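Each value in this text was obtained by applying a stated rule to the coordinates, not by laboratory testing. Computed from a prediction, not measured in an experiment: that's the story for all the values here. Don't worry about glycine lacking a Cβ; one is built from the backbone with ideal geometry, like all the others, and counts go over all protein chains shown.
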Amino acid sequence: MSEYFGGKRGQAAPRGLPESGRSEPWTPFPGRRPDTVSSADIPGRSRPRERSHGRHVAPPAPEHVRFGLPFNDILPLWHDGADITWHRPADAVDFASILGLGYVQTEPGPTATPNGWQELVETATLLPAAPDSDDGPVLQLRAATPAGRRAINDPGDGAPIRLSPALPAQEAMGVASGLDHTRFAVHIGRLMLRAARDGAILLFTLRAPRDPEAHHLLSVPSEVDARQVMHFHLGTLLDMDDGAWAHAKRADNMTLLDLDIPYQSLLSKSGQVGQGLELERLTDMARPVVECLLRPGFPFALGFSVILHER
């Protein structure tokens, strides 16, 4: 058997392997290790970290980010350019109860709008973790209103929210657990209520890999009349003709669906707490929007914004 390790008898051993019968310990160097060779120079052994000797290392620069649609307690961050990263909050923060509801600071969005209208997207500042740290980044979230300051505990100069390091794509996409459809639908329903209250157009977009431009997926002009009946006018370029879209119409290469929802129909009595939203009715209202958003697949690259009348 020694022929397989030390070569056939009478032949030199392969470079770096001991000849049959040699008693010296093997090293990756031909012959014995020279006395001048450091153990750090042995292949496969990591070198000790060099000391900076007082050299200043500049901290990573803060980043401007906007938000994707939260799902499964995961927050997608849309970085300037084409990158999306996914994070979990390190603390007990429910982004679905904060984002898209008018609490967070906004800036004008990139979508072309008619005169008198303006797209607004929610933004924040991301403070990257130190390069040699296992910590995740910190999201500096700023409130837009007094109600927003209460919602995110913003003392006035922003609320720092610790995030996990960026998640692998498969973990972010819920390969193991799938999508929590109920919580996702509840968030969509709350976005619809806010849009109807403000007479806004709710806009959902989709980002393709390595594409910095977000593409239109669904728009929902919304309003509420004097009788507190909410009207939602859904329009998408997707072919939607089943489920909640079974009675949709086609016009100008778009699938169109109108919803008329009395606000009172969503309310229920809950003992001493008073009136609250009925979960099943809220998710049923959101069902057509959810079905459209999930038609392309898992919602890991969905964005959202509102288009409002300029004041």
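A straight chain from GLN228 to ASP242 at 0.36 nm per residue would run longer than the Cα-Cα distance by 2.2 nm. The Cβ shell under 11 Å around SER305 holds other residues with a net charge of -2, Lys and Arg each +1, Asp and Glu each -1.
Where does the charge balance sit around GLN105 when Lys and Arg score +1, Asp and Glu -1, over other residues with C-beta under 14 Å from its C-beta?
Details: positive: ARG66, ARG142, ARG149; negative: GLU107, GLU122, ASP154, ASP157.
Charge balance in the 14 Å sphere: -1.
Per residue, the convex hull spanned by the Cα atoms of segment 137-212 amounts to 162 cubic angstrom.
Which FRET efficiency value, to the nearest 0.05, is calculated for ASP157 and ARG183 with the Förster distance at 25 angstrom and r the Cβ-Cβ distance? That pair, ASP157 with ARG183, gives E of 0.20.
In square nanometres, what is the average projected area of the Cα convex hull of segment 63-309? All intermediate terms of the calculation are to be shown ahead of the outcome.
Details: hull surface 61.0 nm².
Taking a quarter of the hull surface, the average projection is 15.3 nm².
I need the GluC sites (Glu not before Pro) found in segment 169-250, filtered to DSSP loop residues with at most 10 other beta carbons within 10 Å of theirs. Each step should come with its number before you reach the end.
Details: sites: GLU171, GLU213, GLU223; in loops: GLU213.
Sparse-neighbourhood loop GluC sites (Glu not before Pro): GLU213.
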